[in-house]
Amino acid sequence: MSDVTGLELRSMVDAEGKLTLSLEEVTHGAPADDEVVVRIEAAPINPSDLGLLLGPADVTTLEEVGTSERPALRFQVQAARIGGVRARIGQSLPVGNEGAGTVLAAGTQGQDLIGRKVGMIGGAMFAQYRTIKLRDVVPLPEGATAADGAAMFVNPLTALAFVETTRMEGHKAIVHTAAASNLGQMLQRICLADGIPLVNIVRSPEQAAILRGIGATHVLNSKDDDFRTRLADACAEVGATIAFDAIGGGSLGSDILQAMEQAANRTAAEYSRYGSNTFKQLYVYGALDTGPTTLNRLAFGFQWSVEGFLLFPWLQKAGAEVAGRMRRRIADELTTTFASNYTATIGLHEALSPDVLRAYERKATGEKYLIDPTR
């Protein structure tokens, strides 16, 4: 294979606290024996991507500093949060956790993949080309498009990990926030198929309608006046003792633990000043609200735990057998259980359009953007 040169979206923070997004040229040579070179045709913008792309930058400080041929944007990092990005100062970092495309060239171990469409995980996916190890590539099923396979890792594996964690820890029902997201819809479909009760928490009637449209039976709007009462009722009905929270900031996680405690106390044999004996687990896996997490800890006794949840460390602990089983299920159900819906498809240059960036940076539920670097 002759060398190919393409553009790659980069994010860099400088010593003055300025974050710059730019498109840089990267040349890809012949792949090693255990590598392939892929023309990227689809890559989703996940909330986890925005953490690297924009980090703690203040989006209101946006400046256009590039050209029409090579756009670039600059932002000021908030002074109070510069310490959190000190380790990346001066580094031009590629962005994009996952994607899909067509294999253009392969080393000796991957010759059968040339011309095939594959899904990929491993970073640097907001780019025209990617050289990647075979271990991080999965061939897409016959007939599947790059858009079908672009998001076959982060959200599907996370949703399956929630279900695996629930079973491993002995819980029987789940509470999930920001539940109308692409991930939330996948989780609902998995729970329906696997017979696991799920309590979905959303923030609007429109989001509730999305979930009811795919078969959800427990959908609560956190904006309703009777939300906390209805949440306790739902937890009591299904026996939910584990929750996965995408919001992070504020008091919603605390409200969930309190609802679980109230549900447990409805069947308690006697009063205890230390709360119920029912263990309640809250995992925080997102930061849609970047403010502090507030816990009203005396409202739910002493049998509880709050932890962060991160997919890739979880996969390492779960082991190769579990991860392999999960990946096989995703491939088998790629266009059904694990289908993603996108608000818009944009090119690399469009990703650096101020109006487009403001739209996908909002991380609004039901709004997911797909980058097609071939546009």
Open item on the list: Can you tell me which residue is surrounded by the fewest Cβ atoms within 10 Å (Cβ to Cβ) among those in region 216-245 that are out of contact with any Leu (no Cβ under 7 Å at 6 or more places or on another chain) and β-branched (V, I, T)?
Closed with: T229
Task: Candidates I214, I201 - the one that is more than 19 Å from L157 (Cα to Cα), in contact (Cβ under 8 Å) with a residue 24 or more places away in the chain, in a loop (DSSP other than H, G, I, E, B) and hydrophobic (A, V, I, L, M, F, W, C) - done: I214
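Please find, within region 23-51, the residue that is most open to solvent (accessible area, probe 1.4 Å) out of those that are closer than 13 Å to S92 by Cβ and in contact (Cβ under 8 Å) with a residue 60 or more places away in the chain.
Quick first cut of region 23-51, residues closer than 13 Å to S92 by Cβ only: 23-26.
Okay, now just the ones that are also in contact (Cβ under 8 Å) with a residue 60 or more places away in the chain, so 23-24, 26.
Numbers: L23: 2, E24: 69, V26: 30 Å².
Residue satisfying both the conditions and the ranking: E24.
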Task: Members of region 136-194 found to be under 16 Å from R325 (Cα atoms), out of contact with any Asp or Glu (no Cβ under 7 Å at 6 or more places or on another chain), part of a helix (DSSP H, G or I) and β-branched (V, I, T), listed by number - done: T158, T165, I190
TODO: Output yes when any residue across region 124-131 is surrounded by fewer than 23 Cβ atoms within 10 Å (Cβ to Cβ) and modelled with pLDDT under 95, and no when none is.
DONE: no
Task: Residue count for region 298-322, restricted to those that are without any contact (Cβ under 8 Å) to a residue 24 or more places away in the chain and in a helix (DSSP H, G or I) - done: 7
TODO: Restrict the check to region 355-369 and report whether at least one residue is surrounded by fewer than 16 Cβ atoms within 10 Å (Cβ to Cβ) and touching a strand residue (DSSP E or B) at 6+ places or on another chain (Cβ under 7 Å).
DONE: yes
Open item on the list: Here is a list: G253, G249, G213. Which entry is open to solvent by 10 Å² or more (accessible area, probe 1.4 Å), modelled with pLDDT of 95 or more and farther than 30 Å from M120 by Cα?
Closed with: G213
Open item on the list: Give me the residue from region 175-220 that is β-branched (V, I, T) and within 18 Å of the chain's Cα centre (by Cα) and, out of that set, nearest to Y285 (Cα to Cα).
Closed with: T177
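The values are calculated or read from the model by the stated rules, or taken from the named source; none is laboratory data. Keep in mind that this is a model prediction, so the values were computed, not measured. No Cβ is skipped: glycine too gets one built from the backbone with ideal geometry, and neighbour counts run over all protein chains shown. Surface accessibility is based on the protein's heavy atoms, side chains included, excluding ligands, DNA and RNA. Shrake-Rupley method; radii C 1.70, N 1.55, O 1.52, S 1.80 Å.
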